[in-house]
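The values are calculated or read from the model by the stated rules, or taken from the named source; none is laboratory data. This structure is a prediction, so every number in the text was calculated from the model and none was measured. Cβ placement follows ideal geometry from the backbone for every residue including glycine, while neighbour counts extend to all protein chains displayed. What goes into the accessible areas is simple: the full protein's heavy atoms, side chains included, and nothing from ligands, DNA or RNA. Shrake-Rupley method; radii C 1.70, N 1.55, O 1.52, S 1.80 Å.
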Amino acid sequence: MSLGQELAPHLPLLRRYARALTGSQSHGDAFVRATLEAIVAAPGDFPRDIDPRLGLYRTFHAIWSSANIEEDPGASGDGDDMEAIAQKRLARITPLSRQALLLTAMEGFTLEDAGYLIGVAPEEVEKLVEEAHAEIERQTRAEVLIIEDEPIIAMDIETIVRDLGHTVTGVAVTRDEAVAQAMARRPGLVLADIQLADDSSGIDAVKDILAQFEVPVIFITAFPERLLTGERPEPTFLISKPFQRATVRASIAQALFFDTATVPA
């Protein structure tokens, strides 16, 4: 199997990570593209003694670190809201802590693998993750709408949301109910399944809501392939069922990280 064939299955996951890290699909994809260009230019430099996904993320981090994004004071000068928010957030939390959080909680790497990727010891990764959780949770509080038709799953998600200190505005089980609840009490975050109780679509419900106002969205679904197609703008935050509580927690923190409603003064 060629190197390209080994890496291909991992590219959607790397794109997800890059989007979450940068807060922008275009910026994230730019770093992924630069990563692939570096591999193509020097395939012999790609680490072959480790798992291909780990090697891919290692190469990505080498590109990311060399860009010094967090040290560029003019990064938000082009009027990009995401850039401006990120700069304010980054004044209060180090990029290394966010990388540790995303790599372990969202991407599922072990402490050892995450340490390898960002160049620190496993125990330091654990410390960074806790620091990231504590700081982001201090910065972000929101009202959350849950769109989920499975009662047990909805209750689990609601518990996670409340444990993080957020308020649940409601739990909707259909498209129409979700839109009605969002219009009645505007949420600061939406957690949505794709397939709902009456065979309506959580994707359509989110589209209807976003047509009325902007709000960060996290999809939690057993059918991630319906959204990870590469044929249209993909959601920044996408969690596969069955999910880990830590993954939901990290995604909520990161979604609110780039939300203007919770930007620090």
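Summary table
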quantity: Å² per residue, accessible surface of the stretch 104-247 at 1.4 Å; calculated: 48 Å²
quantity: Distance in nm between pseudo-label sites at residue 222 and residue 198 (7 Å out along the Cβ direction from Cα); calculated: 2.2 nm
quantity: Dipole magnitude of the chain, debye to nearest 20 (Cβ charges: Lys/Arg +1, Asp/Glu -1, about Cα centre); calculated: 240 debye
quantity: Residues whose placed amide H lies under 5 Å from that of residue 223, excluding near-sequence neighbours; calculated: 241
quantity: Cut-off 11 Å (backbone N to label point 7 Å along Cα→Cβ of residue 260), residues of the stretch 197-216; calculated: 214-215
quantity: Hydrodynamic radius of the stretch 133-265 per Kirkwood, over alpha carbon pairs, in Å; calculated: 14.7 Å
quantity: Helix-only mean residue ellipticity at 222 nm for the chain, each DSSP H run of n ≥ 4 adding -39500 (n - 2.57), per residue, nearest 500; calculated: -16000 deg cm²/dmol
quantity: Separation of the residue 208 and residue 112 label points, Cα + 7 Å toward Cβ, nm; calculated: 5.0 nm
quantity: Size of charge dipole - the stretch 107-195 - debye, nearest 20, with Cβ of Lys, Arg +1 and Asp, Glu -1, no other charges; calculated: 620 debye
quantity: Accessible area of the chain belonging to carbon and sulfur atoms, whole % at 1.4 Å probe; calculated: 52 percent
quantity: Largest-first principal axis extents of the Cα set of the chain (Å); calculated: 56, 45, 37
